[in-house]
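Take a look at the structure below.
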Amino acid sequence: YTTTSASGLSVFTAELNGAKPSKIYSNSLKDWLIFTPNDSLGYLLSKSSGKAPSYVFSLNLKNGAISQVLSNYYGLSILPNKSGTLLLLSSTALNEPRLSIYDVNKSTLTPVSLKTFSDKCAWSDTNEEKIICAVPRSFPTGVYPYSWYQGKVRFTDNIWEIDSSNGQTKELVNLYDNSFFFDVSEIALSDKDRFVLIKNKTTGTIWSIRLKE
């Protein structure tokens, strides 16, 4: 977990009940997000901006060692897989989000044809190469991700699957309805990927969608 103070940001590890806290890293800048795919690896992301570059650093949660992974991406957001070897990243180009998969070990980037935010995605529970995403049908004019975070634009999403090994995609569920739409702000997969759980940003309601087996 992280804490902020006048001196900046600090990263701690602790037991689940909060016992034995240990500070493993500190930084004079405060605006960082932390992702912890497992108990030995974390990623620090400077908060996303559509008008300024963001950076990603890997953080060893055992000894506090840190190293730069990505830099100079506008509108950057990430989602690591469970092993932390792959990062689903969204960045802004030509006023729209672009989706890619970054292999940390190989330092390679695989573009994905879909346009969405990593915030709208989740890695599979059963297949380390599969990603499930809510993908907007279109993008109104805006500064992304600002315009979406601030609620200035709303989307109508459908559910898609991405194969991270080759970037191939396929639509799983069409959620479009003339009288109702889903703008997914949070997404998760149940055990064995039987259900997609989503939170509708517009209404604040939570829904489950059964996937075909």
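Semi-axis lengths, largest first, of the ellipsoid equivalent to region 163-213 are 21, 14, 11 Å, with √(5λ) applied to each eigenvalue of the Cα gyration tensor. Averaging the sequence gap over all C-alpha pairs within less than 8 Å and six or more residues apart, then dividing by the number of residues, gives the chain a relative contact order of 11 percent.
Measuring nothing but how far apart in sequence close Cα pairs (under 8 Å, 6+ apart) lie, relative to its length, region 7-126 scores a relative contact order of 15 percent. In this Cβ point-charge picture (+1 for Lys and Arg, -1 for Asp and Glu), the chain has a dipole of about 460 debye about its Cα centre. Note on residue 96 and residue 126: with the Förster distance fixed at 41 Å, the Cβ-Cβ geometry gives a FRET efficiency of about 0.85.
Suppose R0 equals 30 Å; then what is the FRET efficiency for residue 210 and residue 85 from their Cβ-Cβ distance, rounded to the nearest 0.05?
Working: r = 30 Å, r/R0 = 0.99.
Computed FRET efficiency for residue 210 and residue 85 comes out at 0.50.
Classify region 27-128: rounded, prolate or oblate, from the alpha-carbon gyration tensor (a ≥ b ≥ c, eigenvalue square roots; a/c under 1.5 rounded; otherwise prolate if a/b is larger than b/c)? Note, shape of region 27-128 comes out oblate. One chain, two ends: residue 72 and residue 138. Fully extended at 0.36 nm per residue, the span grows by 21.2 nm beyond their Cα-Cα distance. Per-residue ellipticity at 222 nm computed for the chain from its helices equals -500 deg cm²/dmol, with DSSP H segments shorter than 4 residues left out and the rest contributing -39,500 (n - 2.57).
The apolar share of the surface of region 130-213, taken as the fraction of accessible area on carbon and sulfur atoms (1.4 Å probe, ligands and nucleic acids excluded), comes to 47 percent. Were the residues from residue 186 through residue 20 laid out at 0.36 nm apart, the gain over their Cα-Cα distance would be 56.7 nm. Excluding ligands, DNA and RNA, the accessible surface per residue across the chain is 53 Å² with a 1.4 Å probe. Matching the structure-derived semi-axes √(5λ) of the Cα gyration tensor in Å against the labelled list [x] 29, 20, 18; [y] 36, 17, 16; [z] 38, 19, 15 gives the label [x]. Take residue 7, project a point 7 Å from its Cα along the Cβ direction, then tell me which residues of region 21-48 have their backbone nitrogen under 18 Å from it. Counting only backbone N, you get 21-32. Charges were assigned to the Cβ only: +1 to each Lys and Arg, -1 to each Asp and Glu. The resulting dipole of region 51-155 about its Cα centre is roughly 280 debye. Region 84-130 and region 147-213 have their alpha-carbon centroids 16 Å apart.
Across the options 134, 159, 78, the greatest Cα extent toward the positive end of the charge dipole of the chain (unit charges at beta carbon of Lys, Arg, Asp, Glu) belongs to 78. Taking amide H as placed 1.01 Å from N in the peptide plane, residue 59 has its amide H under 5 Å from the amide H of 42, 43, 44, each at least 5 places away in sequence or on another chain.
The values are calculated or read from the model by the stated rules, or taken from the named source; none is laboratory data. All values derive from a computational prediction rather than experimental measurement. Cβ coordinates were reconstructed from backbone atoms using ideal geometry, including for glycine residues, and neighbour counts include every protein chain displayed. In case anyone asks, the SASA skips ligands and DNA or RNA and just uses the protein heavy atoms, side chains included. Shrake-Rupley method; radii C 1.70, N 1.55, O 1.52, S 1.80 Å.
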